[in-house]
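This report refers to the structure that appears directly beneath it.
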Amino acid sequence: MKRVEKEDILRYKFLSNVAYAPGGKAAAFVVSYANKEDNTYEGDIWVYEAGKVRQLTALHKERSFYWEDEEHILFAAARSEKEKKQAKEAPFGITNFYRIAIHGGEATKAFTLPIAVADYQALGDDMVMLLGEIDCRYPDYYRCSEKEQARIAEAEKEEKDYEVFTESPFWFNGAGVVNGKRQALFLYNTRTKKLERISDITMDVSSPVAIGEKIFFISSDFESLRPMSGDVYVYNQKTKETECIWKANGFCMYQLINAHGRLWILASPCDTHGLNQNAKFYTLEEGRLVEQFDPKDSLYNSVGSDCRLGGGRQERMQDQYYYVSTRRNAAGLYCLNDAFEEKPILTEEGSVDSFDVKEDGSEILLIGMFEQKLQELYRYDEKRGMRQITHFNDGMLRNRYVAKPEKITVQSEGVDIDGWVLKPYDYDEEKKYPAIFDVHGGPKTVYGEVFYHEMQYWASQGYFVFFCNPTGSDGRGDDFADIRGKYGTIDFKNLMDFMDAVLKNYPQIDEKRVGETGGSYGGFMTNWIVGHTDRFACAATQRSISNWISFYGISDIGPDFSRDQTGGDIEENIAKMWEHSPLKYASNVKTPLLFIHSDEDYRCPMSQGIQFYTALAQRGVPVRMCLFHGENHELSRSGKPTHRLRRLTEITDWMEKYLK
């Protein structure tokens, strides 16, 4: 049996964006994969029809699409050299839409829009609702003459060496500098070619839904300080007037839903568990937000894996409202009827990554990860259950050693903590082995029983690998997930108790040869661990937090998140922020520590790692930092292929040095 190799991740297929055509006779989805030579990812649109799948596009540049009707798909592309030049030079974006028939023929140019389109929803009668980015300095650039656009473009070139900040936060992970930029709401008439912005200049819009003549949307309307949440607005297509119908008032407003002509609102009151508090279903009744249903758990997929690329729908209103929800250690599929009665549909261990539902609810297509397989397309109906449709990745894992997660549940601090152990390749219970303890990010995410490439690779390299979901994780309600003001306390104790149980149950692990790693919150916890125990032979901290005080001023989520999570404030309780900062405990560290950071990570900026690296280097602790140029917080999940390989090489070599 072969081992799982590092380079295997360059051969995996990643599925995303499954969507039925209107009427449901066919569906489409995207298949992406790595191109090592170009150090990028490519993608094609595939069609599922009459029980079979076939490739539709072949230029390998398609990552998303929209159904125009039952026969035609629209997708954004820059296919000609002219279009590629325009895309490169357009100061505020441009989108070329191509149309392709699913039953034959080449893709043809449909139309071009002088904005970067982020969302496309057909409203009927040739009208389309769009979300597109604008710059507050030139909000109507899309309406300017070619001469005026050329003048503005030239002026922007003169400013390319400078960044001027007037807002906070001024950057966002994966998007770069967002100062002065907004996601605006547009209407576009495909027949007259008229494009009209209908949101105000300073509005940042999300979750638009059309109900009759009215368009409801969530918007943060600001000029300098972005509020924690947007408010709910309605635009009347007849009168062309916009009205705010609900002020957030401490709520976090997440999503609007057209529930068969009735407006549902997904929002969190944030009153008892802070920013991480789970959302509930509400309606607006005579100007009041009325709670209708509390699902108790998160309404999204938070099961971690490094074997996904691209997104897709995780909610859908058809005959009922369907949604993915993380419960305990799995992301399943549930539905809610008009009377707000919930019913589970798929609750298998694993992960529903995206899905779509036929209009009558008779059939569901989903992309998921089950039974330690990589992503595939599945079909579900009530009579026959779930069946695997595609087999893109079956061959990749055939005759490979895929370690089966062995579950352990441990009592710690009055709660039971779920975790798993992967045994090493060619396991012999008479031998001793090194081990790697992997801590997840978030903290409000989970590990589950899904394929995780880096862990399977380490198991194939002869390591025990173990991981768990400590207090602060998702899937078990607000009380369990709430560690505000407790970072490094109960969660740290849970992790150490779990490790003790693993070592007791698996005496084949050499206690003196255990390493630890984690990213984001897992990076924070790695920094915390090495400052509070010497039991690890080495550790690798990735995209980490080391200093909550400086994190407050530089992270894209820092001002709100650091106050909320630490219970401290730079003005009134800075001591509390420092108490939960790993940097405070740098003098305790003796464990050799590898740092992985990216210079475009605006979630956990590289300065967080540099501060801790410098503190340890000055104290003589063995340290090494690998800084990735041009990468952000998503390095391990969607970074450039060669960068992902280098990251895994760095961590593995560090473990080899101290554990083997």
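The values are calculated or read from the model by the stated rules, or taken from the named source; none is laboratory data. Model, not experiment: these values are computed from the prediction. Neighbour counts run over all protein chains shown; Cβ positions are idealised from the backbone, glycine included.
Being modelled with pLDDT of 95 or more and crowded, with 21+ Cβ neighbours inside 10 Å holds for only one residue in Phe451, Phe480, Phe492, and it is Phe451. Against the numbered list (1) more than 23 Å from Leu659 (Cα to Cα); (2) surrounded by fewer than 18 Cβ atoms within 10 Å (Cβ to Cβ), Cys604 comes up short only at (2). The set of residues in the range 239-253 being surrounded by fewer than 15 Cβ atoms within 10 Å (Cβ to Cβ), of a type outside the set (Ser, Thr, Tyr) and either assigned to a strand (DSSP E or B) or modelled with pLDDT of 95 or more (or both) consists of Lys240, Glu241, Glu243, Cys244, Ile245, Lys247. Under the condition of being farther than 26 Å from Tyr658 by Cβ and either of a type in the set (Phe, Trp, Tyr) or in a loop (DSSP other than H, G, I, E, B) (or both), the residues counted in the range 427-449 number 6. Where strands (runs of 3 or more DSSP E) fall entirely within the range 70-140, those with at least 1 residues that are aromatic (Phe, Trp, Tyr) and either modelled with pLDDT under 95 or touching a strand residue (DSSP E or B) at 6+ places or on another chain (Cβ under 8 Å) (or both) are at 72-76, 95-101, 108-113, 116-124. Out of curiosity, is Ala210 assigned to a strand (DSSP E or B) and in contact with a Gly (Cβ under 7 Å, 6 or more places away or on another chain)? Judged against the criteria, Ala210 is not a match.
Output yes when any residue across the range 47-56 is more than 30 Å from Tyr427 (Cβ to Cβ), in a strand (DSSP E or B), among the basic types (Lys, Arg) and touching a strand residue (DSSP E or B) at 6+ places or on another chain (Cβ under 8 Å), and no when none is. Among the residues of the range 47-56, at least one is more than 30 Å from Tyr427 (Cβ to Cβ), in a strand (DSSP E or B), among the basic types (Lys, Arg) and touching a strand residue (DSSP E or B) at 6+ places or on another chain (Cβ under 8 Å), which makes the answer yes.
Here is the figure for the range 408-423: residues that are outside any strand (DSSP E or B) and buried (at least 19 other Cβ atoms within 10 Å of the Cβ) total 1.
Condition first: out of contact with any strand residue (DSSP E or B) (no Cβ under 7 Å at 6 or more places or on another chain), in contact (Cβ under 8 Å) with a residue 40 or more places away in the chain and under 17 Å from Leu374 (Cβ atoms). Can you find one or more residues in the range 459-469 that meet it? Scanning the range 459-469, I find at least one residue that is out of contact with any strand residue (DSSP E or B) (no Cβ under 7 Å at 6 or more places or on another chain), in contact (Cβ under 8 Å) with a residue 40 or more places away in the chain and under 17 Å from Leu374 (Cβ atoms), so the answer is yes. So which pairs qualify, if the first residue must be in the range 123-137 and in contact (Cβ under 8 Å) with a residue 24 or more places away in the chain, the second must be of a type outside the set (Phe, Trp, Tyr) and surrounded by fewer than 13 Cβ atoms within 10 Å (Cβ to Cβ), the Cβ gap must be under 8 Å, and the two must be at least 6 apart or on different chains? Here the result reads Asp126/Arg191; Asp126/Thr192, each pair linking the range 123-137 to a residue that is of a type outside the set (Phe, Trp, Tyr) and surrounded by fewer than 13 Cβ atoms within 10 Å (Cβ to Cβ). Only strands (runs of 3 or more DSSP E) whose full extent lies in the range 293-407 are considered here, and the ones with at least 2 residues that are among the hydroxyl-bearing types (Ser, Thr, Tyr) are 321-327, 351-357, 376-381. Filtered by the rule that a residue be surrounded by 22 or more Cβ atoms within 10 Å (Cβ to Cβ) and either farther than 23 Å from Ile483 by Cβ or at pLDDT below 95 (or both), the range 571-590 gives no residues.
Residue-level check: of (1) hydrophobic (A, V, I, L, M, F, W, C); (2) touching a residue at least 40 places away in the same chain (Cβ under 8 Å); (3) under 14 Å from Ala90 (Cα atoms), Ala155 misses just (2). Which residue is nearest to the chain's Cα centre (by Cα), if the candidates are limited to the range 158-177 and must be in contact (Cβ under 8 Å) with a residue 24 or more places away in the chain and outside any loop (DSSP other than H, G, I, E, B)? So the residue we want is Phe172. Does the range 323-337 contain at least one residue that is more than 30 Å from Lys247 (Cβ to Cβ), modelled with pLDDT under 95 and in contact with a Pro (Cβ under 9 Å, 6 or more places away or on another chain)? Looking through the range 323-337, none of the residues is more than 30 Å from Lys247 (Cβ to Cβ), modelled with pLDDT under 95 and in contact with a Pro (Cβ under 9 Å, 6 or more places away or on another chain). Selection of helices (runs of 4 or more DSSP H) fully inside the range 567-658 by the criterion of at least 1 residues being more than 20 Å from the chain's Cα centre (by Cα), closer than 19 Å to Glu516 by Cα and not aromatic (Phe, Trp, Tyr) returns 606-618. Would you mind stating whether Ser32 is surrounded by 14 or more Cβ atoms within 10 Å (Cβ to Cβ), in contact (Cβ under 8 Å) with a residue 60 or more places away in the chain, assigned to a strand (DSSP E or B) and among the hydroxyl-bearing types (Ser, Thr, Tyr)? Yes. Check whether at least one residue in the range 185-198 is farther than 30 Å from His597 by Cβ, in contact with an Asp or Glu (Cβ under 8 Å, 6 or more places away or on another chain), surrounded by 13 or more Cβ atoms within 10 Å (Cβ to Cβ) and of a type in the set (Lys, Arg), and report yes or no. Within the range 185-198, one or more residues are farther than 30 Å from His597 by Cβ, in contact with an Asp or Glu (Cβ under 8 Å, 6 or more places away or on another chain), surrounded by 13 or more Cβ atoms within 10 Å (Cβ to Cβ) and of a type in the set (Lys, Arg).
Residues of the range 529-546 that are in a loop (DSSP other than H, G, I, E, B) and crowded, with 20+ Cβ neighbours inside 10 Å: Gly531, Phe536, Ala537, Arg543, Ser544, Ile545, Ser546. Taking Asp271 as the residue in question, decide whether it is surrounded by fewer than 21 Cβ atoms within 10 Å (Cβ to Cβ) and under 28 Å from Asn337 (Cβ atoms). Criteria met by Asp271.
One residue alone among Ile115, Ile102, Ile134 is buried (at least 17 other Cβ atoms within 10 Å of the Cβ) and in contact with a helix residue (DSSP H, G or I) (Cβ under 6 Å, 6 or more places away or on another chain), and that residue is Ile115. Scanning the range 10-29 for residues that are in a loop (DSSP other than H, G, I, E, B) and not hydroxyl-bearing (Ser, Thr, Tyr) yields Arg11, Lys13, Ala21, Pro22, Gly23, Gly24, Lys25. Taking the conditions (1) in contact with a Lys or Arg (Cβ under 8 Å, 6 or more places away or on another chain); (2) closer than 30 Å to Leu635 by Cα; (3) part of a strand (DSSP E or B); (4) not polar (S, T, N, Q) in turn, Val234 satisfies each one other than (2).
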